[in-house]
Amino acid sequence: MSERATWATRVGFLVAAIGSAVGLGNIWQFPFKTASNGGAVFLVVYLVAVVGIGLPALLAEFVVGRKTKANAVDAFRKLGHPRWRVIGAFGAFIGFWIVSYYSVVGGWVGRYFIGSVTGGYFDAPGQYFGAIATGPEAILFHGLFMTATVTVVALGVNSGIERATKVMVPGIVVMMLGLAVWAATQSGAAAGYSYFLNPDFSTLLANAGDVVPFAVGQAFFTLSLGMAIMITYSSYVGEDTSLFVDGGVIVVMNTLIGVLAGLVVFPVLFANGIDPNTTKAEAIFVAMANAFSQVPGGRLLGMVFFGVVLIAALSSAISLMEVVVSYATDHSTVSRPRLAVLTGTVLFVMGLPSAWDTAWLGWFDTLAYKLFLPLSVLLLLLFVGWVLADEAVEQLLLGSDTGWLGPVWLWTVRTVVVLAVVATLALGLETLLLGGDIVPPV
Ligand code: PHE
């Protein structure tokens, strides 16, 4: 067992956590889920979910991590409640589940990045996705994405994760801002903004059963909740940090990047005459590639766009791998690099079905959103709200000068937030069972 790492700088935790939060969830899924769930209405429900449910849950994960300074499984034992270890183990399992296909999508992004450099998709942007998204090609790029992730995690918390994300996160922000300015000049800008930002509440009422579980699931996914990630990252944080402030900064930055992604993607979709209501997972790739193949400077724009998405995806995959590697380094004498390679290999194998056929990818994703994430977050909220209770408030308030927020947080976690997650889970299960999504594709 080696000595436990801590973030070298205060900002180290912030950038690593923002790097984890900002990812494919914000840039690939968020615009596409917004589009297929009623546009701006989805945005409103999502924002309410992020602030009202996501932020309190994020703080709950922080409390467990910082109080115990342990990996996400042993944390519960250290708190004197060994049975609740199941939360950490379940979280790590969900992380595996998600990163297995996340890495496949990360591979597509890497492929499109290279396609932007070489101009590979410029002649037939519509066909390119079909050619690269499944089969051996997809497997190869899935493997490359995993290799990059393993490399950073193998280097450790400070020289790997902290150093890498300190460069990655500011890069993401600057490049997204630049892209949003460019998108504003596109002919579809006005129609895109209006679709994204003008809510039509009648569709919400008609589709609440679909919209709400997706929006809440999206809030969890995008804040990297329910996967033991934020427990792990906050276990490297000191008592002088205000968890409220850092949690708030993470939520704001993460939301900003998601909204910026919408401000980039929707104008481009509309400029290319693509109806956002019919978009699928590949729409963003196809539409963006199509746009880049036509506009002046398309190669450079393509490199920037797919480059940002790639960096964002990597900094998220890294955080998940750290959950497992941190547990394993606490329990074995095997070196960190070897453990990282081992974890990467398991993830690679788990991702093979998704790389082979995108129907699997969709199935993995749907189960994660509608079932696993809400269930995992619910267990954590029950534990922190009702079992840890006052101990949790005490821990949350260390390093903070907004003491009155402590009890407010506890009571919201115990009541409103728990009920909202139960309702989400019920709605998600209903659509899963009725929609028949629970049967795996073959
Ligand atoms: N928060 C990430 C995102 O929005 C989700 C994620 C984190 C997925 C970590 C996998 C691992 O993309």
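Nothing in this text is a laboratory measurement; each read-out follows from the coordinates by a stated rule. Keep in mind it's a predicted model, so treat the numbers as computed, not measured. Neighbour counts run over all protein chains shown; Cβ positions are idealised from the backbone, glycine included.
Please list, by residue number, everything in region 29-57 whose backbone N is under 13 Å from a paramagnetic label point 7 Å out along Cα→Cβ of LEU197. Of the residues in region 29-57, 40 have backbone N under 13 Å from the label point off LEU197.
Between the residues LEU243, ALA271, LEU144, the greatest Cα displacement towards the positive end of the dipole of region 138-294, with unit charges on the Cβ of Lys, Arg, Asp and Glu, is found for LEU144.
Let's test the formula: R0 of 41 Å, r as the Cβ-Cβ distance of VAL51 and ALA131. What FRET efficiency results, to the nearest 0.05?
That pair, VAL51 with ALA131, gives E of 0.50.
Explain nothing, just the number: relative contact order of the chain, from Cα pairs under 8 Å at least 6 residues apart, as a whole percent. In percent, rounded to a whole number, it is 34. Of the GluC sites (Glu not before Pro) in region 229-323, the ones in a loop by DSSP (not H, G, I, E or B) with at most 12 other beta carbons within 10 Å are GLU239.
Among 375-381, 343-349, the peptide with the highest mean count of other Cβ atoms within 10 Å heads the list, and the full ranking is 375-381, 343-349.
Each residue, ALA190 and SER335, gets one label point 7 Å from its Cα in the Cβ direction; the gap between the two is 6.2 nm. At q = 0.27 Å⁻¹, what base-10 log of I(q)/I(0) does the Debye formula yield for region 304-374 when every alpha carbon is treated as an equal point scatterer in vacuo? Ignoring solvent entirely, the Cα scatterers give -1.14. For region 219-250, the residues whose amide N sits under 20 Å from a probe point set 7 Å from the Cα of GLU394 along the beta carbon direction are 235, 237-244. Modelled spin-label separation between ALA426 and ILE114, with each label point placed 7 Å from Cα along the Cα-to-Cβ direction: 5.0 nm. The alpha-carbon of LYS69 sits under 16 angstrom from the alpha-carbons of these aspartates and glutamates, leaving out residues fewer than 8 places away in its chain: GLU3, GLU61, GLU239, ASP240, GLU322, ASP330, GLU391, GLU394.
Pairwise alpha-carbon distances in region 300-442 exceed 25 Å for 56% of all pairs.
With Cα atoms defining each centre, region 283-351 and region 388-442 are spaced 28 Å apart in the structure.
The residue list VAL104, TRP363, ALA180 was ranked by how far each Cα lies along the charge dipole of the chain toward its positive end, using unit charges on Cβ atoms, and VAL104 comes out on top.
How large is the Kirkwood hydrodynamic radius of the chain, in angstrom, based on all distinct alpha carbon pairs? Taking the inverse mean of 1/r over all distinct Cα pairs, the chain comes out at 21.7 Å. Cut-off 17 Å, label point 7 angstrom out along Cα-to-Cβ of ALA206: give me the residues of region 402-436 whose amide nitrogen falls inside. Within reach of a label on ALA206, which here means backbone N under 17 Å from a point 7 Å along Cα→Cβ, region 402-436 contributes nothing.
What shape does region 165-304 take by its C-alpha gyration tensor, where a ≥ b ≥ c are the square roots of the eigenvalues and a/c under 1.5 counts as rounded, a/b above b/c as prolate, and the rest as oblate? Oblate. Compared with the alpha-carbon gap, the fully stretched path from LEU256 to THR415 is longer by 54.4 nm at 0.36 nm per residue. Using the rule -39500 (n - 2.57) for each DSSP H run of four or more residues, divided by the residues of the chain, the 222 nm mean residue ellipticity is -23500 deg cm²/dmol.
Packing-wise, with mean Cβ within 10 Å as the measure, how do 16-22, 303-309, 116-122 rank, highest first?
16-22, 303-309, 116-122
Computed from the C-beta positions of GLN294 and ARG10 and an R0 of 41 Å, the FRET efficiency is 0.35 to the nearest 0.05.
Its relative contact order, with pairs defined as Cα atoms under 8 Å and 6+ residues apart, puts region 213-309 at 15 percent. Taking 19 Å as the straight-line reach from the Cα of LYS370, the lysines in range (excluding those fewer than 8 positions away in the same chain) are LYS33, LYS280.
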